[in-house]
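Right, one structure below, let's go through it.
The values are calculated or read from the model by the stated rules, or taken from the named source; none is laboratory data. All figures in this text were calculated on a predicted structure; none of them were measured in a lab. For neighbour counting, all protein chains shown are included, and Cβ atoms are generated from backbone atoms with ideal geometry for every residue, glycine included.
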Amino acid sequence: MDWTRITVEPLGRQHDRAAFHCGAEALDHYLQQQARQDAEKRVAAPFVAVSPPETRVLGYYTLSASVLTLADLPDELAGKLPRYPQLPVTLLGRLAVDQSVNGRGLGEHLLLDALHRSGAHAGQIAAMAVVVDAKNESAASFYRRFGFIALQDQPRRLFVPMRLVAQLLG
C-alpha cells in the first residue's frame with residue numbers, strides 16, 4: 001500500500017462511513033452508528049484512515065483514557081510502580097480495517113499511528129501504558145508482535161508500557 005496517499009485524521013462529518021466493512025459486525029456498526037456520537041461526547045477519540053481526496057474510511061481506531069490497578073499488571077512490573085489505587089493508561093478501544101484493504105499492512109500502520117498519538121504527549125499527559133482488548137486470539141497475536149503483554153488472568157487484555165512505545169517508535 002502506498003502510505004504517502006493514506007492520511008489518518010480525526011473522524012469528521014465529511015468521512016464516508018457507510019461502506020466500511022471489516023468482517024466484524026460490531027466494529028462496522030460502531031463506526032457507522034456510534035463513533036461520531038462518542039467523539040462529540042468526548043468518551044472516545046476516533047481516528048480514520050482515508051486516501052485523499054477520497055473520504056471513504058479504509059480503517060479506524062479509537063483512543064480514550066482509562067485506568068488499571070496494580071493487581072492487573074504482571075508482578076515484575078507492578079513491583080516497580082507507585083502503590084496508587086489506579087494507574088492511568090490510554091485505551092486503544094477499537095482497531096479495524098476495511099476488507100478491501102485487508103492484508104496490506106493498514107492495521108500495522110494504524111496501530112503505530114495510535115501508539116504515536118498515545119506517546120506523543122507522554123510528558124504532558126500521564127499514561128503509563130497503552131491497553132487493548134483483543135477480540136480473538138488472532139488479534140491478540142497481532143498485538144503481541146508489537147510487544148504487548150497480557151494482563152494478569154486476562155489473556156486477551158494486553159498492554160504495552162510507554163517506555164516500550166518510545167522504543168518501538170524509535
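Residue check: is ALA49 touching a helix residue (DSSP H, G or I) at 6+ places or on another chain (Cβ under 7 Å), over 19 Å from ARG117 (Cβ atoms), of a type in the set (A, V, I, L, M, F, W, C) and modelled with pLDDT of 95 or more?
Numbers: touching a helix residue (DSSP H, G or I) at 6+ places or on another chain (Cβ under 7 Å): yes; over 19 Å from ARG117 (Cβ atoms): no; of a type in the set (A, V, I, L, M, F, W, C): yes; modelled with pLDDT of 95 or more: yes.
Judged against the criteria, ALA49 is not a match.
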Those residues of segment 131-167 which are outside any loop (DSSP other than H, G, I, E, B), within 16 Å of GLU108 (Cβ to Cβ), at pLDDT 90 or above and not polar (S, T, N, Q), in sequence order = VAL132, ALA139, ALA140, PHE142, TYR143, ARG144, LEU158, VAL160
query = So which residues in segment 65-76 are outside any loop (DSSP other than H, G, I, E, B) and crowded, with 16+ Cβ neighbours inside 10 Å, if there are any at all?
reply = SER66, LEU68, LEU70, ASP72
task = Could you look through segment 78-91, keep only residues that are among the hydrophobic types (A, V, I, L, M, F, W, C) and surrounded by fewer than 17 Cβ atoms within 10 Å (Cβ to Cβ), and pick out the one that is nearest to MET128 (Cα to Cα)?
result = LEU81
ask   = Among the residues of segment 66-79, is there at least one that is closer than 30 Å to ASP16 by Cα, at pLDDT 90 or above and hydrophobic (A, V, I, L, M, F, W, C)?
value = no
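Each row is one residue, and each column tells you yes or no for (1) surrounded by 21 or more Cβ atoms within 10 Å (Cβ to Cβ); (2) among the hydrophobic types (A, V, I, L, M, F, W, C); (3) closer than 24 Å to ALA166 by Cβ.
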position	(1), (2), (3)
GLU54	no, no, no
GLY93	no, no, yes
VAL101	no, yes, no
ARG104	no, no, no
LEU112	no, yes, yes
ARG117	no, no, yes
message = Being surrounded by 15 or more Cβ atoms within 10 Å (Cβ to Cβ), out of contact with any His (no Cβ under 8 Å at 6 or more places or on another chain) and not in a loop (DSSP other than H, G, I, E, B) is the filter here; which residues of segment 35-48 pass it?
response = ALA35, ARG36, ASP38, ALA39, ALA45, PRO46, PHE47
key: Counted residues, segment 143-170 - those being without any contact (Cβ under 8 Å) to a residue 60 or more places away in the chain, buried (at least 17 other Cβ atoms within 10 Å of the Cβ) and touching a Gly at 6+ places or on another chain (Cβ under 9 Å)   = 4
Filtered residues of segment 1-26 (kept if under 17 Å from ALA114 (Cα atoms) and surrounded by 17 or more Cβ atoms within 10 Å (Cβ to Cβ)) = ILE6, VAL8, LEU11
Cβ-Cβ under 8 Å pairs, at least 6 apart or on other chains, segment 8-30 side at positive phi, far side assigned to a loop (DSSP other than H, G, I, E, B) = GLY23/ASN102
query = Do the conditions hold for GLU108, that is, is it acidic (Asp, Glu) and either more than 30 Å from ASP16 (Cα to Cα) or in a loop (DSSP other than H, G, I, E, B) (or both)?
reply = no
